[in-house]
Every structure is written in C-alpha cells, then in structure tokens.
Amino acid sequence: MIVPMKRLTLVALKADEEAILQALQRTGTVEVISQADVSDEKTGDEQLFSQVQRFESAAQLLKRYGEKPPMGPKPEMSAEELFASMPESVALMERTEELDKTLAAARSEIEKKETLIETLLPWERLDARIEDIHATRSVRYAVGFLPLCAVEQVEAAGFAVEAFPGARETAVLVASAASEYDEMQRALKELDFAEFNFPAMKGTPRMNIRALETEIASLRETEAQTVNALETVAKQRTLLLEGLDATSIERDRARSAAAVEKTTSAFILEGWVRADEEEKAQKAVAGAAEVFSFETREPLEEEAPPSAMKNKKLVEPFESIVTMYAYPSYRGVDATAVMAPFYFLFFGMMLSDAGYGLVMTIACAVVILKYKNMEPGIGKMVKMFFWCGLSTTFWGFMFGSFFGDAVNVIATTFFGRPDIRLAPLWFEPVSEPIRLLTFSFLIGIIHLFVGLGLKFYQYAREGKYYDAVCDVVFWYLLVGGGIVYLLTMPMITEMLGIPFQLPPIAATVAAWCALAGLVGIILTGGRDSKNPFARLAQGLYSAYNVTGYLSDILSYSRLLALGLATGVIAQVFNKMGSMAGGGIVGAIMFIVVFLIGHTLNIGINLLGAYVHTNRLQYVEFFGKFYEGGGRMFEPFRRNTKYADIKED
C-alpha cells in the first residue's frame, strides 16, 4: 500500500535549530522541502563538502592497495562512537593524501626521465659533450635525423658526418665550415632532414643516460616505499570510511539547515512526514526544544507528495520488482501485494525443478541468516529469490523434476533399477505439453483480468465510474465473452485438451456479451474527442486493441517454453553424464558432467525465469493499470554507507 503523507510546517526558535535537526535526522521521519538554493557552494560551509570529497577520494585510493573487504553486514556503532573517531579519521585521510602526492610526484618524475632517456638513446654513441656542440667562428653544426639512405649523399657533398643508424632513421651530427653553412642547410632540407635540439644538459649523452637511470632507480625505490606505506595505511581503511560516514551526516544536516527559512530569532521547516510516523517526529522535536509549533495537514490536490510503500513481510521483498519498473505515484496503486503471488507462481513454473529450487532456497537462507544487516535493496532481492526457490521446488515436485530425471538415471545406471523414478504429483510437461500450455493460458487470463480489476478500482476510488465502465467493464465483456464462446467450440476444447465443452446456451450468452462489449468500446473509446467522426474512428481503433489482448494471452506460453527448456536441458546433461556407464570411471564422469552441466543450466534458466517473469508483470500486467511517475520518500536521516548507527 501507499502510505498516507502529511504536509508538515515546523516553527521553532533559531537557537534550537541545530538540536531539532539532529533529532529529526536521528529519527529519519521528515523529508525536508527546500525553500532555497542548497547547492554545495551556497550552504555556507564549503569546507565540509570539500572534506566529504577528500574522504571519498582517499577511500577510493586505498581500495586499490588493500584487501577486498569481506561480504557481510555493515558494522554497528553508536553515533558517539562514529564521531569520536573523527580525529583519527582526518589524520588518516591527510596521511593518505600525502602519500598519494609523493607517489604521484615520483611516478611523474620517472615518466619525465624515461622520456629524456628515450630522447637521448639515438645519440648514446656520440662521444662529444652536449655543451660543446655549438656554432663557432669557423664551424657550424646541424643535429638531427635523416633517412637511412641519405647519409652517403651528405658525405658526397663534402660535409663531415657522424652517423648513428637506427631502425627507421639515422641520427646525424653534420659539420661544415661557417662559409658553407647555408649550402649545408639547403642540402639537408632536400634530404628531409629533421632538426633535433639537445635538452639543456652537460656531458655526453651516455653520461646523461646513466645519470638519469640512477635517478630513476632512486625514484623507483621511493615509489616502492610509498606503495608499501599505502598498503599499510589501507589496513585502516575502515577508519577512513567511518570518517566519511560521519562527515556525510554533517553535510546532510548542513544542507537541511540551508533549506529552511530563517528570521533573526526563528526558523520555519516545511516537509513531508508519513502519517504513521507523525507522532514519532513530533516527539523527536519535543525532546530537542520546549517552544515550537508542529502542524500537519493533508496534501492539496495540486501537490505531489512523495510515495512510501508499506507491505506485509511476505510481500515486501517483491517491492523491488515494482520500483524497478517505476515508482508508484502517490495517488496511484501499489501493485506489490497483488503482483507477488503471480510472480511467485510464474517464476516457479518457469524454472520448475525441485533440485534447483532447493539449491536456491538453501543458498538464500544461508545468506539471510549470516548477513542480517544487508543493504535494504539487496536484502529484499535475496528474500524474493528465497520465496521463488520455494515455488521452484513446489513446481518441480508437481512436474516430477529433480535435477531433471537424475533420480531415474542414477538408479538405472549405477544400481540397475530403471523402475525407480521421481513420480510427478501432477503430470510431466514433457509428456503432456498441451496440458501445461492450457494451464498457462488459464492463469494468464486470470492475471490480465486482475490487472483490469485494479484499473476499475483506481477509477472507482477517484469517482470515475463512467470511465470504469468504458475502459474496464466493456473489455471484460468483449474478452471474457470471446473466451467463453471459444470454449463452446469442439475444435478448441479438443486442441487444448479441455475435458469439457460448454453448452450452446453459453455460446449465445457469450456472443451477446462480447457484442455488447465491442459496441460499448467503439462508442466510448474516443469519448474525449468532440468531433463525432473522430470519436467513432478512435473507438474503432480502441476496439482493434482486442488483438493486443490476444497477443498478451499468447505471451503466457513462455511459462511452457521455459519450463520445458529447464527440464529437457537437465535430462540431456544427465544422459551425457551416464554415457560411461557404471563403475568408478562412470561415476567420476557422471559427477563432473552433473556438476558442470547443472550449474550452467541453473544459471542460464534462473536468469531466463527472472527476466521473463518480470516481462509478464511489466508488459502484460502493469500495462493494464499501473501509473508510475512517483517519487520515493527520502527522509532527512543518517545516510551511512559503511556503518549502521544504533538507535540512541
């Protein structure tokens, strides 16, 4: 259900503002409505927001140097314990930043010096000192690179050349008399000469390369020491994360303080509070201040309150499926309670293997019992798969599938007992696929009609009874009448394996109902249009949507398809595993193939069951009534990522 909301107006003395905000943040009951621009730069405490970013950067850096944290619940601690460790957290953050700067500087210098070495390597065999290669009164030099074949031409032109061939080009030092310098430049230009300028260094290139290598070795040692220091610091990363949580709490409180209106002596806080937590919020304020005004009212028609969902524990895990599609609007319907039984049913039918279901159930149960403080979203998903595992187990026994036909294969291959098998409690889909297809269509029709019923409920709740008749009742008559009429036809009942056939009178009644629904849809489908011709055209187009209902019903055949796929693939792996026969070799081969094959099968078909069950909810079911566009209720609270704050 969607929890009713109240609009809150809180007025109190400015002197009590900090205490009240702390109390509200502790209870997490009020979503503050911003009355001002509360961007990080305009809250008046840029240093606080900068510190959050510094903590995040430092924590992300240490993540690369520490061991992967174990899965599990967040550690619990009191707010006092969290904030008491702030000095150590800040010191650790600053130490991390210092080490990061040292490491970055060392690596930057290494990169620069390696680039210099790469630049000097072509000239390593040059014996001249770099500072001596400069123009004199009588001699001029040209330093650079020539194509491999051009050196001989320079020598033939009468210039002195010292060449150092490389893989693709030749490094050359060309000398000429001062009077021939221009001629030398023209000759080199014609040979695609690329000029090179030595860095500002002294000594030979070889001497400089060796000196740079020595410096790089020293920098490498500094780099290694810094990395070791970061690995040591990373062991205290939890302390850094606690500091991040504490600073984030203070940042959120600063944002909320900036969001309220203030006078010289008072402040006004506007917000939303859940109706079932109104008293809790008021008590929190009363505990923090003596003088205040706490007033609530119902939302106005033009207001768009946030949405909060509240369901029974059995249904709550399925909320994630609804919110994954779209958060329900405040005045819409929370479909979780109605959708959950169908989701439970469809998932189990698609996977439909008792062995796979037990694996899912046990695995999820272990996670739930071991990690009791999981993130709410992850916790709901794990619990949902727990229930889906139970459904899979149920349908596996109903269809006689336990890791496919593993019971019969093992009994036959290793014990010579082909008579031993897991008998289905209902029937085997592989032997009677039409029976399962008929059942799939039946529950699909029920699913669609329940969706239409929810649409009727929405209209009725809003007092739109005429719309309810036009958009729901007429479709019930048309689609329902059409289905009943088909059940009076021998061809349909025989094809679907239905053991009964409705009498002719049912055909007459169904035909008149379907005709009434069709006429009603044509006449009212375009009722929003004032033009009678446009209204009729829109009505005819609306009636054409009956093909959409046919498509929706046929879509439930995926319950048959995925259920058969799981069982048949499992049987194939069992057959492959038993090909070596009995004995030790056969047993080893069977175990290997069994483990690998069924692991692949459960992974692939579990994903398929999840995707296609969601699809049936989102397209066929939600498409009939669901209104998204809602906004999740986000109360002002202690939003921590790494530690759970115990209630005071």
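Collect the residues in segment 380-398 that are buried (at least 24 other Cβ atoms within 10 Å of the Cβ) and farther than 29 Å from M324 by Cβ, keeping them in residue-number order.
Of everything in segment 380-398, nothing turns out to be buried (at least 24 other Cβ atoms within 10 Å of the Cβ) and farther than 29 Å from M324 by Cβ.
Mind telling me which of the residues L606, L616 ends up being in a helix (DSSP H, G or I), open to solvent by 40 Å² or more (accessible area, probe 1.4 Å) and at pLDDT 90 or above?
L606
Can you run down the residue pairs with Cβ atoms below 9 Å, 6 or more apart or on separate chains, where the first is in segment 602-631 and on the phi > 0 side of the Ramachandran plot and the partner is buried (at least 17 other Cβ atoms within 10 Å of the Cβ)?
From segment 602-631, the pairs are G629/Y327; G629/P328; G629/S329; G629/G332.
Report the residue count in segment 189-203 for those that are touching a helix residue (DSSP H, G or I) at 6+ places or on another chain (Cβ under 7 Å) and either assigned to a helix (DSSP H, G or I) or hydrophobic (A, V, I, L, M, F, W, C) (or both).
So the answer is 3.
With a cut-off of at least 1 residues that are within 22 Å of G444 (Cα to Cα) and touching a helix residue (DSSP H, G or I) at 6+ places or on another chain (Cβ under 8 Å), name the helices (runs of 4 or more DSSP H) lying wholly within segment 346-427.
Correct list: 376-399.
So how many residues does segment 481-508 have that are over 23 Å from L436 (Cβ atoms) and either surrounded by 14 or more Cβ atoms within 10 Å (Cβ to Cβ) or in contact (Cβ under 8 Å) with a residue 40 or more places away in the chain (or both)?
So the count comes out to 5.
So which residues in segment 95-136 are hydrophobic (A, V, I, L, M, F, W, C), assigned to a helix (DSSP H, G or I) and either surrounded by fewer than 16 Cβ atoms within 10 Å (Cβ to Cβ) or in contact with a Lys or Arg (Cβ under 9 Å, 6 or more places away or on another chain) (or both), if there are any at all?
Result: A104, A105, A106, I110, L120, L121, W123, I130.
Just for segment 217-255: of the residues that are more than 28 Å from the chain's Cα centre (by Cα) and among the hydroxyl-bearing types (S, T, Y), which one is nearest to M86 (Cα to Cα)?
Once the filter is applied, the top-ranked residue is T232.
Considering only residues that are under 20 Å from Q22 (Cα atoms) and open to solvent by less than 10 Å² (accessible area, probe 1.4 Å), which ones fall in segment 285-323?
Hits for segment 285-323 are V285, A289.
Here are some conditions: (1) in a helix (DSSP H, G or I); (2) surrounded by fewer than 14 Cβ atoms within 10 Å (Cβ to Cβ). L436 meets all but one. Which one does it not meet?
Here L436 meets the rest and fails (2).
So which residues in segment 509-534 are of a type in the set (G, A, S), assigned to a helix (DSSP H, G or I) and surrounded by fewer than 19 Cβ atoms within 10 Å (Cβ to Cβ), if there are any at all?
If the condition is that a residue be of a type in the set (G, A, S), assigned to a helix (DSSP H, G or I) and surrounded by fewer than 19 Cβ atoms within 10 Å (Cβ to Cβ), then A511, A516, A534 are the ones that fit.
Just checking, does segment 235-251 include any residue being within 30 Å of N639 (Cα to Cα) and outside any helix (DSSP H, G or I)?
Looking through segment 235-251, at least one residue is within 30 Å of N639 (Cα to Cα) and outside any helix (DSSP H, G or I).
Only residues that are under 17 Å from Y466 (Cβ atoms), open to solvent by less than 40 Å² (accessible area, probe 1.4 Å) and under 41 Å from the mean Cα position of the chain (by Cα): list them for segment 535-547, please.
S542
Looking at G563, is it touching a Pro at 6+ places or on another chain (Cβ under 7 Å), closer than 16 Å to F441 by Cα, open to solvent by less than 70 Å² (accessible area, probe 1.4 Å) and outside any loop (DSSP other than H, G, I, E, B)?
yes
Is it true that L425 is surrounded by 19 or more Cβ atoms within 10 Å (Cβ to Cβ) and at negative phi?
No, not satisfied.
Please specify each residue of segment 311-327 satisfying the condition of being assigned to a loop (DSSP other than H, G, I, E, B), touching a residue at least 24 places away in the same chain (Cβ under 8 Å) and out of contact with any strand residue (DSSP E or B) (no Cβ under 8 Å at 6 or more places or on another chain).
Listed by number, the residues that qualify are N311, K312, L314, V315, A326.
Within the set of pairs 6 or more residues apart or between chains, which connect a residue that is free of Cβ contacts under 8 Å to residues at least 60 places away in the same chain and more than 17 Å from A194 (Cα to Cα) inside segment 133-148 to a residue that is in a strand (DSSP E or B) and open to solvent by 60 Å² or more (accessible area, probe 1.4 Å) with Cβ atoms less than 7 Å apart?
Note: pairs meeting the criteria are A135/Y141.
In segment 247-259, is there at least one residue being in contact with a strand residue (DSSP E or B) (Cβ under 7 Å, 6 or more places away or on another chain) and either open to solvent by less than 60 Å² (accessible area, probe 1.4 Å) or small (G, A, S) (or both)?
yes
Pairs please, first residue from segment 14-31 and under 17 Å from G271 (Cα atoms) and of a type in the set (K, R), second anywhere and open to solvent by less than 40 Å² (accessible area, probe 1.4 Å) and at pLDDT 90 or above, Cβ atoms under 8 Å, 6+ apart in sequence or on different chains.
Once the first residue is under 17 Å from G271 (Cα atoms) and of a type in the set (K, R) and sits in segment 14-31, its partners that are open to solvent by less than 40 Å² (accessible area, probe 1.4 Å) and at pLDDT 90 or above give R26/A284.
Only residues in segment 53-66 that are among the aromatic types (F, W, Y) count as the first member; pair them with residues that are assigned to a helix (DSSP H, G or I), Cβ under 6 angstrom, at least 6 apart or cross-chain, and list the lot.
Pairs that qualify, where the first residue is among the aromatic types (F, W, Y) and the partner is assigned to a helix (DSSP H, G or I), are F55/M93; F55/G243; F55/L244; F55/T247; Y65/L230; Y65/E231; Y65/A234.
Consider only pairs whose beta carbons are under 6 Å apart and that are at least six residues apart or on different chains; among these, list those whose first residue lies in segment 510-521 and is of a type in the set (V, I, T) and whose second residue is open to solvent by 20 Å² or more (accessible area, probe 1.4 Å).
Cβ pairs passing all conditions: I521/F474; I521/S542.
Would you say A217 is at pLDDT 90 or above, surrounded by 14 or more Cβ atoms within 10 Å (Cβ to Cβ) and among the small types (G, A, S)?
The answer is no for A217.
Could you pull out the residue among A266, A234, A224, A281 that is of a type in the set (G, A, S), open to solvent by less than 80 Å² (accessible area, probe 1.4 Å) and touching a Lys or Arg at 6+ places or on another chain (Cβ under 7 Å)?
A266
The values are calculated or read from the model by the stated rules, or taken from the named source; none is laboratory data. What you see is a predicted model; the values in this text were computed from it and never measured. Cβ coordinates were reconstructed from backbone atoms using ideal geometry, including for glycine residues, and neighbour counts include every protein chain displayed. With ligands, DNA and RNA removed, areas are computed over all heavy atoms of the protein, side chains included. Shrake-Rupley method; radii C 1.70, N 1.55, O 1.52, S 1.80 Å.
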